[in-house]
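The structure appears right after this line, and notes come after that.
The values are calculated or read from the model by the stated rules, or taken from the named source; none is laboratory data. This one's a predicted model, so the numbers in the text were calculated from it and none came from an experiment. Positions of Cβ are generated from backbone atoms using ideal geometry, with glycine treated the same way; all protein chains shown enter the neighbour counts. Accessible surface areas use protein heavy atoms only, side chains included; no ligands, DNA or RNA. Shrake-Rupley method; radii C 1.70, N 1.55, O 1.52, S 1.80 Å.
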Amino acid sequence: TILTLDFGSQYTHLITRRLRELNILSEMLPCTTKIADLDYKPKGVILSGGPYSVYEDGAPHVDPAVFELGVPILGICYGMQEIAWRASPENVIAGVHREYGHSNLKALKGDDAHVDRLFDGLEDSMRVWMSHGDKLGALPEGFHTVAVSDNSEYAAIAHKTKPIYGLQFHPEVTHSQNGTQLLKNFAVGICECAQNWTMARFLDQEIARIRDLVGPEGQVLGAVSGGVDSTVAAKLMKEAIGDRFWAVLVNNGVMRLDECEQVERDLKQHLGINLTVIDASKDFLDGLKGLHDPEQKRKFIGGKFIDVFEAEAAKIEEAAEKSGKGTKIGFFLQGTLYPDVIESLSFKGPSATIKTHHNVGGLPERMTNGQGLQLIEPLRSLYKDEVRELGRTLGIHEELVMRHPFPGPGIAVRILGEVTEEKVRIARQADHIFISEIRKAGLYDQISQAYAAVDPSRAVGVMGDKRVYGYIIILRAVTTTDFMTAEAFNFPWEFLQRVMNRIVNEVNGVCRVTYDITSKPPGTIELE
Ligand code: XMP
């Protein structure tokens, strides 16, 4: 394992990401981690960048025991300044100018094998990404310069005899040419890590870990939605403990056309999961009557979900206890992903308390505190595309693995204002047409998320010589990598015309179709 200690840079998680892409096992922990608390010895340590100045009071510093581990160390930006500052605080100074953006790096390769290992296979000169205010004012004792840049005489440094390196630039961002190769040279060439981390291996290890944790008798409860994360987590539990995993699907009345039935088929027949479906659609739709405010709608759906789930969980626990399959339910499954936990693993500054993440509407907190259920989060070290890969490894069919995300409050946040049964019907039918046409045109996998929403204001139209007064459909389709920013998808005009034609002709009560071209920001992906 390569251990990355995080000093709070926005780029830190990319280090883990790049190493995983190289099939190298890697983990990120806060910079304040005590080395004595680790339950393994890493093969190498990376000290990340961070927004602080090492010489300021209260700036974060690494446990000095890191330097006693006897493993290679790579400091990136703040991490390099930390190495230099430890040698002597005078080594780090405030730069006159902040350096942000591309810079030309020149590696001083030559007769030092130690340096050449870091730059192995790379050209002497390359473009790298800089983002720093402070810089080294002097070399720490025992180090020498191994690369210079336009603005920096200490763009990369190395200890003359020990495997300790510092980079002022960020090899983990894709703007740095050969950055991944540099990380590979460190992890494989210098730390001698094997490149054998694969999804199949992860799956075997995770199954073993779950069996060990749950024991031969333990039973596990989990909510599923039909989305990729909860489906993959559920299939993983099924593989690990079979029918001692109990999945619950709540039909909240605001799922898409035939979605509940389809999810039930997928989970029960295709994946063989022990699933209970609760149809609470009437309760949800009744409760949504008269609610116009988006936050009120979300709150109601979240709260109702917990009520319905808890009531059912009690019944399932009883059934589980009587089933003879094992002891009573002691665990709760949650499909939390790595981007969600990065929040809590990242270093937030000396005084900040670390936020605990909760997924769907705060459910586990009540479940786990109130009923003493222990949380199982088998996907917490994976990114979304890795979850998809794991899904494939588990034999889940491609259409399910590649499904677009769908929000917990469902189409309730895709019907502006009050949700009524008529608007639910219209949203479902229009959405179904839009998504079917997207699939037919072979565009589904190029789009990150797409749906049709209902605008409750109505417009006048003319159909078959008759005046009509109908709702407006808003089509939305975006591309994004992280769902934090997004762009509207650029459809061919003929495609939009075809979808418009089908919707106005086939969906009763609609007389206009619009395409939302707003990016995020300023728009969000959902309308509410
Ligand atoms: P926004 O609308 O905030 O959406 O740009 C970003 C992503 O999050 C999804 N989303 C939700 N997912 N519960 C969820 O499980 C929610 O309440 C929720 N609201 C938004 C949205 O679909 C998009 O993928």
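For residue 486, enumerate residues with amide H under 5 Å from its amide H, sequence gap 5+ or separate chain, H modeled in the peptide plane.
The list, which skips near neighbours in sequence, is 520.
Could you give the length gained on full extension between residue 32 and residue 270, defined as 0.36 nm per residue of separation minus the Cα-Cα distance, in nm?
On the way: separation 238, 0.36 × 238 = 85.68 nm, distance 4.54 nm.
Using 0.36 nm per residue and subtracting the Cα-Cα distance, I get 81.1 nm.
Given R₀ = 22 Å, FRET efficiency for residue 138-residue 97 by Cβ-Cβ distance, to 0.05?
Values: r = 19 Å, r/R0 = 0.85.
So, using R0 = 22 Å, E works out to roughly 0.70.
Can you give the angle from 0 to 90° between the axis of helix 228-241 and the longest principal axis of the chain, with both taken from C-alpha atoms, to the nearest 10?
So the inclination is approximately 80 degrees.
Could you work out the helix-only [θ] at 222 nm for the chain, with each DSSP H run of four or more residues adding -39,500 (n - 2.57) and the total divided by the number of residues, to the nearest 500 deg cm²/dmol? All intermediate terms of the calculation are to be shown ahead of the outcome.
Details: 15 runs with 171 residues, N = 528.
That calculation yields -10000 deg cm²/dmol at 222 nm.
Going by amide H atoms built from the backbone, whose H comes under 5 Å of the H on residue 415, apart from near neighbours?
454
Using a 1.4 Å probe on the protein chains only, how many percent of the accessible area of the range 79-215 belongs to carbon and sulfur? Present the calculation step by step, with values, prior to reporting the outcome.
Numbers: 2940 of 6330 Å².
About 47 percent, which is the carbon plus sulfur part of the accessible surface.
Find the accessible area per residue for the chain; the probe is 1.4 Å, ligands and nucleic acids are left out, and the unit is Å².
Values: 23470 Å² over 528 residues.
In whole numbers, the chain has 44 Å² accessible per residue.
Would you mind telling me the share, in percent, of accessible area of the range 406-526 contributed by carbon and sulfur at probe 1.4 angstrom?
On the way: 3060 of 5920 Å².
Percent of accessible area from carbon and sulfur atoms in the range 406-526: 52.
Put +1 on the Cβ of every Lys and Arg and -1 on every Asp and Glu Cβ in the chain; which of 136, 168, 290 then has its Cα farthest towards the positive end of the dipole?
290
Any idea which of 31, 11, 276 is furthest toward the positive side of the dipole for the chain, if Lys and Arg beta-carbons carry +1 and Asp and Glu beta-carbons -1?
276
Summing +1 for each Lys or Arg and -1 for each Asp or Glu, what net charge is found among the other residues whose Cβ lies under 11 Å from the Cβ of residue 135? Could the numbers behind the result be given before it?
On the way: positive: 98; negative: 99, 134, 153.
It works out to a net charge of -2.
I'd like the antiparallel share, as a percent to the nearest 5, of DSSP beta bridges with both residues in the range 131-282. Could the numbers behind the result be given before it?
Working: 7 of 17 bridges.
Expressed as a percentage, antiparallel bridges in the range 131-282 total about 40.
Could you give the distance between the Cα centres of the range 193-221 and the range 95-133, to the whole Å?
40
Mind checking which lysines have their C-alpha under 26 Å from residue 440, skipping anything on the same chain fewer than 8 residues away?
384, 423
Please give the contour-minus-distance gain from residue 120 to residue 315: 0.36 nm per residue of separation, less the Cα-Cα distance, rounded to one decimal in nm. Present the calculation step by step, with values, prior to reporting the outcome.
Working: separation 195, 0.36 × 195 = 70.20 nm, distance 6.17 nm.
Result for the pair: 64.0 nm of gain on full extension.
Assigning unit charges at the beta carbon (Lys, Arg +1; Asp, Glu -1) and nothing else, what dipole magnitude in debye, to the nearest 20, does the chain show about its Cα centre? Numbers along the way, then the final one.
Working: 57 positive and 71 negative charges, 203 e Å.
The calculation lands at about 980 debye.
What is the magnitude of the charge dipole of the range 449-507 about its Cα centre, with +1 placed on the Cβ of each Lys and Arg, -1 on the Cβ of each Asp and Glu, and no other charges, expressed in debye to the nearest 20? List each step's numbers first, then the result.
Working: 6 positive and 6 negative charges, 62 e Å.
Here the range 449-507 has a charge dipole of around 300 debye.
Rounded to whole Hz and in sequence order, give me ³J(HN,Hα) for the range 256-272 from the Karplus expression 6.51 cos²θ - 1.76 cosθ + 1.60, θ = phi - 60°, writing x for Gly and Pro.
Couplings: 7, 4, 6, 5, 4, 5, 5, 5, 4, 4, 4, 6, 7, 7, 5, 10, x Hz.
Could you check the spin-label model distance between residue 112 and residue 55? Points 7 Å from the Cα along Cα→Cβ, value in nm.
Each label point lies 7 Å from its Cα, and together they span 2.4 nm.
What's the lysine pair count for the range 1-159 at a Cα cut-off below 30 Å, pairs eight or more apart or interchain? Each step should come with its number before you reach the end.
Details: 34/43; 34/135; 43/106; 43/109; 43/135; 106/135; 109/135.
The result is 7.
Within a Cβ distance under 15 Å of residue 426, other residues only, what is the Lys/Arg minus Asp/Glu net charge?
Overall, the nearby charge balance is +2.
So what's the Cα pair-distance distribution over the range 82-174, bin width 5 Å, in %?
Bins of 5 Å from zero give 3, 14, 25, 25, 20, 11, 2 percent of pairs.
What Kirkwood hydrodynamic radius, in Å, does the chain give when the mean of 1/r is taken over all pairs of distinct Cα atoms and then inverted?
Details: mean 1/r = 0.0384 Å⁻¹.
For the chain, the Kirkwood estimate is 26.1 Å.
For residue 248, which sequence-distant residues (separation of 5 or more, or a different chain) have an amide H within less than 5 Å of its own amide H, given hydrogens modelled in the peptide plane?
222, 223, 224, 276
Tell me, what is the 1.4 Å probe accessible area of residue 506, in Å² to the nearest 10?
Approximately 100 Å² of residue 506 is accessible to the 1.4 Å probe.
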